[in-house]
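Heads up: the structure comes next, in structure tokens.
Please treat every number below as a calculation from the coordinates, not as lab data. Computed from a prediction, not measured in an experiment: that's the story for all the values here. Note that each Cβ is placed from the backbone with ideal geometry, even for glycine, and that neighbours are counted across all protein chains shown.
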Amino acid sequence: MTYTSLWDWDSGDKQIDMAAWAEGSRWVEEPCASPDGERVAAIVNIDEGEFSVCVNGERWDQSYDKIWHLRYLADGRLFAIVSDMGEWTVAVDGTAWDTRFGYVWNPIFSTDGKHIAVAVQQDMRYAMVLDGTPWETDFANMTYFALSPAGRNTAGAVQVKEADSGEIHKFQAGTFSAAMGGTAWDQHFVNVWNLAFNTDGSQLAAEVRLNLHEYTIAVNGRIWDQTYPCVWAPSFNPATGEVVAPVRSAGRWAMACDGRNVWPASFVQLWQQQFNADGTKLAAVVAPQFGRWTVAVDGNPWAATFKDMVSDLQFGPDGQCVAALAKDGEQWRVVVDGKPWQQSFDMAWAPIFAPDGKTVAVKFERAGRYSIAVNDKLWSESFDWIWDPVFSPDGLRLLVRAVDGGVYRRRIIPISTITGIGR
């Protein structure tokens, strides 16, 4: 059962007047809406060095020196990073973790929203914290962070050997590694970047630099046999556990799996790869020629290419359909299976598939107003701000969460309101 199946899909329009939130406050920051749309929250500044959070007009009981990165999690809990008496921690629904740190940043959430990981610094030492429990080992430096999909394991790229900034020979000998749950790999590298977990969190892959000129992928510390002039972030096949990564070879980019090229074509650029849910298809953003971008699925690029960029690659729930955003000049378009929408936007956000995979919705901006498009059709209404729409489990309705004129609105609309089909 998904969270959306438990939501209210019958009530047409609920409103919350946010204008009164400013009373007794110095200012109110930008709001965030819960996934089900039933709650809207914002950070409020009460006085100098005193902040709280207002949820549907009610403030948290506790106030803090500073609050930032207010977010609703997938399970509906409200997350924030807070400073309490000069020490930083995490607060969930207004209740802070018992652990405190010199600084907290880079929150990562499990897919279901039930687990929270953050990077922390204490006395100039660095570690990860999972649901309030820090690693037992800390490190002199830490960059790049990961949380396994189910939220059971954390990882970071860590410095495992001390080296002064002028001791270049030590850096070249390898001072970095990757740590899982606070335990660093035995192998050391010149650099470690972008980390990825497999589905169950037992395997960790990373980009690594072996020396000044050679790069490759390491999995649980074991490097691929093949080295390259450059590599990009690795990904695990969710079904087979194999690791793929874009690699540079002979002046072009190819897709490699466990050190061997697996796509017949190479590209001027290749990155941001993504598997479908069962691991049978692999798509990536590619540049078939310099200055032209598109998507390749299993190595086959779409015929349509775009000048500036392609981003937000998404597989549909059937694992076959692929959507992305493309930018040409100042305009953005949605592209589905290689076919660009006719409608273009000043800005657009990641495409969202209906459960049946046949309908695609997107949040967009035009002339400073925000609205929703479905299957290349524009909704006639617009707002000061809007969140990503959410499809009902049957795919026939949309949850719309928007703010206009200081009023938050939760609305359920049939998709036919936008598409004109099936009215």
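Structure data summary
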| read-out | value |
| --- | --- |
| Net charge, Asp138 excluded, C-beta distance under 14 Å - Lys, Arg +1, Asp, Glu -1 | -2 |
| Leading residue at positive end of dipole, the chain (Cβ point charges), from Val118, Asn220, Val244 | Val244 |
| Measure of compaction for region 1-141 (Cα Rg per 2.2 N^0.38 Å) | 1.15 |
| Estimated dipole of the chain in Debye, rounded to 20 [Cβ of Lys and Arg +1, of Asp and Glu -1, Cα centre] | 1420 |
| Low-density loop cleavage sites - GluC sites (Glu not before Pro) in region 43-85, where at most 10 other Cβ are within 10 Å (DSSP) | Glu48 |
| Ratio Rg/Rh [Cα only; Rh per Kirkwood] for region 343-423 | 0.94 |
| Distance between region 11-36 and region 48-103 - C-alpha centres, whole angstrom | 17 |
| Region 169-242 versus region 267-301: alpha-carbon centroid distance in Å | 22 |
| Dipole magnitude of region 1-159 about its Cα centre (Cβ charges: Lys, Arg +1; Asp, Glu -1), debye to nearest 20 | 560 |
| Expected 222 nm ellipticity per residue - DSSP helices of 4 or more, -39500 (n - 2.57), all of the chain, to 500 | -500 deg cm²/dmol |
| Phi-based couplings in Hz for region 327-337 (Karplus 6.51, -1.76, 1.60; Gly and Pro marked x) | 10, 10, x, 9, 10, 10, 9, 8, 10, 10, 6 |
| Net charge, Gly316 excluded, C-beta distance under 15 Å - Lys, Arg +1, Asp, Glu -1 | -2 |
| Estimated vicinal HN-Hα couplings, Hz - region 64-73 in sequence order (Karplus 6.51, -1.76, 1.60; Gly, Pro = x) | 9, 4, 7, 9, 8, 6, 6, 8, 8, 8 |
| Integer Hz, Karplus 6.51/-1.76/1.60 couplings in order for region 255-267, x for Gly and Pro | 9, 10, 10, 6, x, 10, 5, 10, 9, x, 9, 10, 9 |
| For the chain, with +1 on Lys and Arg beta carbons and -1 on Asp and Glu, the positive-most of Trp193, Gln62, Gln273 along the dipole | Gln273 |
| The chain: most fluctuating residue of Glu167, Glu38, Glu242 per GNM, C-alpha cutoff 10 Å | Glu167 |
| Simple Cβ-charge dipole of region 298-423, Lys/Arg +1 and Asp/Glu -1, about Cα centre, in debye nearest 20 | 440 |
| Net charge, Glu58 excluded, C-beta distance under 14 Å - Lys, Arg +1, Asp, Glu -1 | -3 |
| GNM top mover of His115, His169, His188 - the chain, alpha-carbon springs below 10 Å | His169 |
| Per-pair calculated FRET efficiency, R0 = 51 Å: Lys170 and Arg77 via Cβ, rounded to 0.05 | 0.70 |
| Nonlocal amide H pairs with Val295, under 5 Å, H built at 1.01 Å | Val286, Trp302 |
| Mean shadow area of the chain, taken as a quarter of the surface of its Cα convex hull (nm²) | 22.4 |
